[in-house]
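Novice: Sharing a structure here in structure tokens format.
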Amino acid sequence: MTTAEEFLRIALDPLRLAILGRAAEGTMDVDGVAATLDVDRRRVLGEVGKLRSAGLLDEHDRLDREALRNLAGSLDRPQPVDDEVVAGAWDADEEKVLRSFFSGSRLTAIPASASKKLIILELLAQDFEVGVRYPERDVNEMLGRYHDDHAALRRYMVEAGILSREAGVYWRSGGRVEFE
């Protein structure tokens, strides 16, 4: 069975992806693909052979949908969002954003939307105590627990006025403060 990594390595080639697309429509025509893409027929045959070997095309050069279903079933499922992530004074829309961008306690992606990004940054701000000064390495470690790109998160927090910085030292200067 093809693993997700093998599938990506195989399918992300533009010619093989085009072949898979044609095969998804029905029996794939080697000559038609070669002519449409202006590629040598032998090259198309070689790529078809790789796709057959990977189990993605059947003996009639049709997409093996069962193989794709099995592959999809083998993929890791995102973890549900940890309760601590959504605990707090979030309204329904904000909670929806948090649930969309977290798996477990990890941020899966940094939103492009400024309003969604601000919600994420507001959550991250909860780890920083008002009045405490943090060296950059501590800020990186704290943000790194959420996402590997701690530098971007740190920069966004400064740009949003949630953290301030001077001489490599950071402190909480904005964002909502939750009282217990």
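The values are calculated or read from the model by the stated rules, or taken from the named source; none is laboratory data. Please read all numbers here as calculations on a predicted model, not as lab measurements. Cβ placement follows ideal geometry from the backbone for every residue including glycine, while neighbour counts extend to all protein chains displayed.
Novice: Filter segment 166-180 for residues that are assigned by TED's automatic domain parsing to the domain that holds Val132 and free of Cβ contacts under 8 Å to residues at least 12 places away in the same chain and give the result.
Specialist: Glu166, Ala167
Novice: A follow-up question, please. Has segment 73-94 got at least one residue that is in contact with a helix residue (DSSP H, G or I) (Cβ under 6 Å, 6 or more places away or on another chain), in a helix (DSSP H, G or I), assigned by TED's automatic domain parsing to the domain that holds Lys117 and modelled with pLDDT of 90 or more?
Specialist: Yes, the conditions are met somewhere in segment 73-94.
Novice: Okay, next question. Can you tell me how many residues within segment 26-42 are loosely packed, with under 13 Cβ neighbours inside 10 Å, part of a helix (DSSP H, G or I) and modelled with pLDDT of 90 or more?
Specialist: Selection size over segment 26-42: 4.
Novice: Any residue in segment 9-33 that is within 11 Å of Arg62 (Cβ to Cβ) sitting within a Cβ distance under 7 Å of a residue that is part of a helix (DSSP H, G or I)? List the pairs, counting only those 6 or more apart or interchain.
Specialist: Leu20/Ala11; Leu20/Leu51; Arg22/Val33; Met28/Ile19; Met28/Arg22
Novice: Let me ask something additional. Among the candidates Leu68, Leu98, which residue alone is assigned to a helix (DSSP H, G or I), without any contact (Cβ under 8 Å) to a residue 40 or more places away in the chain and under 30 Å from Ala23 (Cβ atoms)?
Specialist: Exactly one of Leu68, Leu98 is assigned to a helix (DSSP H, G or I), without any contact (Cβ under 8 Å) to a residue 40 or more places away in the chain and under 30 Å from Ala23 (Cβ atoms), namely Leu68.
Novice: Out of (1) exposed (fewer than 13 other Cβ atoms within 10 Å of the Cβ); (2) of a type outside the set (Lys, Arg); (3) over 24 Å from Pro78 (Cα atoms); (4) out of contact with any helix residue (DSSP H, G or I) (no Cβ under 8 Å at 6 or more places or on another chain), what's the single condition that is false for Val158?
Specialist: (1)
Novice: Please enumerate the residues belonging to segment 30-51 that are more than 16 Å from Ile10 (Cα to Cα) and touching an Asp or Glu at 6+ places or on another chain (Cβ under 8 Å).
Specialist: Of everything in segment 30-51, those that are more than 16 Å from Ile10 (Cα to Cα) and touching an Asp or Glu at 6+ places or on another chain (Cβ under 8 Å) turn out to be Val30, Ala34, Arg41.
Novice: Only one of these is among the small types (Gly, Ala, Ser), touching a strand residue (DSSP E or B) at 6+ places or on another chain (Cβ under 6 Å) and either over 30 Å from Ala152 (Cβ atoms) or surrounded by 14 or more Cβ atoms within 10 Å (Cβ to Cβ) (or both): Ala23, Ala67, Ala54. Name it.
Specialist: Ala23
Novice: Right, next: Quick check, is Gly46 of a type outside the set (Phe, Trp, Tyr), on the phi > 0 side of the Ramachandran plot and modelled with pLDDT of 85 or more?
Specialist: When the stated conditions are applied, Gly46 does not pass them.
Novice: While we're on this one: Could you identify the single residue in Asp138, Asp64 that is more than 23 Å from the chain's Cα centre (by Cα), of a type outside the set (Val, Ile, Thr) and within 30 Å of Glu6 (Cα to Cα)?
Specialist: When all the criteria are applied, what remains is Asp64.
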